[in-house]
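Working notes, structure below.
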Amino acid sequence: MLNAIVDSSIRSNLSSWYVRQPFRFLATRMVQVATRPNGGVYLDLSPAAKVLPIVKALGFKPYSDGTLFFTPRLLLSSAPGARVTDWCKEGNCDGFYLEDRLGRIKVLYRIKTLKKAIPAARFVYGDPKRLSAAGGAVARALLKKGIPLAMADAPVGFVPPRGIIHMPQHEIRYSKHGIPPKVGDLRESEIALFGP
């Protein structure tokens, strides 16, 4: 379990659950004890399909709606006033600042390689709705860095603009107890620290 304090909230990020065969009869109880309320929130950000029924039975609820996939079609779109400025690095993540009509936000990403050859920016911090609205500016800025594709968590009920594909069953995020992080905030998780 990976624990962190993010914006004054405790996040406990569960990943790679494994219980040795002789102790599997105790596995459910062990997880129940390990995930008692502690004033924070427990997250399971990448449950495997075979453990998903267990995650749900243990009281974890989805707080995102899959993945948004930014396609090269966005290169042709425009969002008046949106632009990417000031490239940065924070921990293991690369990033930039997005300026749009709502102001300036920091965006962080890790590189995920698709089909063992194509780099994609996997956003780990940044408002997915604002990234989607500024999709053309974001896509052009990433392409200049040699990154033709991008992915972000999908907010529940969000309808993306043209050029962004919603994959509702891909990488749903789950939480238990406390207030889950905002969709698009994967800071201090295994995805931000070790890569997607």
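The values are calculated or read from the model by the stated rules, or taken from the named source; none is laboratory data. All values reported here derive from a predicted model rather than from experimental measurement. We place every Cβ from the backbone using ideal geometry, glycine too, and count neighbours over all the protein chains shown. To get the accessible areas, we keep the full protein, side chains included, count just its heavy atoms, and leave off ligands, DNA and RNA. Shrake-Rupley method; radii C 1.70, N 1.55, O 1.52, S 1.80 Å.
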Next on the checklist: Cross-link candidates for K129: which aspartates and glutamates have Cα within less than 19 Å, leaving aside residues fewer than 8 places away along the same chain?
Outcome noted: D65, E99, D100, D153, E171, D185
Checklist entry - Per residue, how many Å² of accessible area does segment 38-121 show with a 1.4 Å probe? => result 55
Next on the checklist: Running a GNM on the chain with Cα contacts under 10 Å, which residue among R29, R11, R140 ends up with the highest mean-square fluctuation?
Outcome noted: R29
Checklist outcome for this item: Once Lys and Arg are counted +1 and Asp and Glu -1 for all other residues with Cβ under 9 Å from that of L98, the total becomes +1
Checklist entry - Taking the radius of gyration and the Kirkwood hydrodynamic radius from Cα positions alone, what is the Rg/Rh ratio for segment 73-196, to two decimal places? => result 0.94
Item to check | Spin-label pair E90/K144, simplified geometry with 7 Å Cα→Cβ offset, distance in nm | outcome: 2.1
Next on the checklist: As a quick test, which of the pairs K50/K145; K89/K116; K56/K145 have an alpha carbon distance above 32 angstrom in this structure?
Outcome noted: K50/K145; K56/K145
Checklist entry - Taking the Cβ of P80 as the center, what net charge do the other residues with Cβ under 13 Å away carry, scoring Lys and Arg +1 and Asp and Glu -1? => result 0
Checklist entry - For segment 144-153, what does the Karplus curve 6.51 cos²θ - 1.76 cosθ + 1.60, with θ = phi - 60°, yield as ³J(HN,Hα) per residue in whole Hz, taken in order and with x for Gly and Pro? => result 5, 8, x, 10, x, 10, 8, 9, 9, 5
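If contacts are Cα pairs under 8 angstrom and at least 6 residues apart, what is the relative contact order of the chain in percent?
30
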Checklist entry - Expressed in nm to one decimal, what extension gain is obtained for the pair K56 and I118 from 0.36 nm per residue of sequence separation less their Cα-Cα distance? => result 19.0 nm
Checklist entry - Say R0 is 30 Å: what FRET efficiency, to the nearest 0.05, do S78 and V159 get from their beta-carbon distance? => result 0.95
Checklist entry - Percent of accessible area on the chain owned by carbon and sulfur, 1.4 Å probe? => result 57
Checklist entry - Given a 1.4 Å probe, how much area per residue of segment 146-196 is accessible, in Å²? => result 48
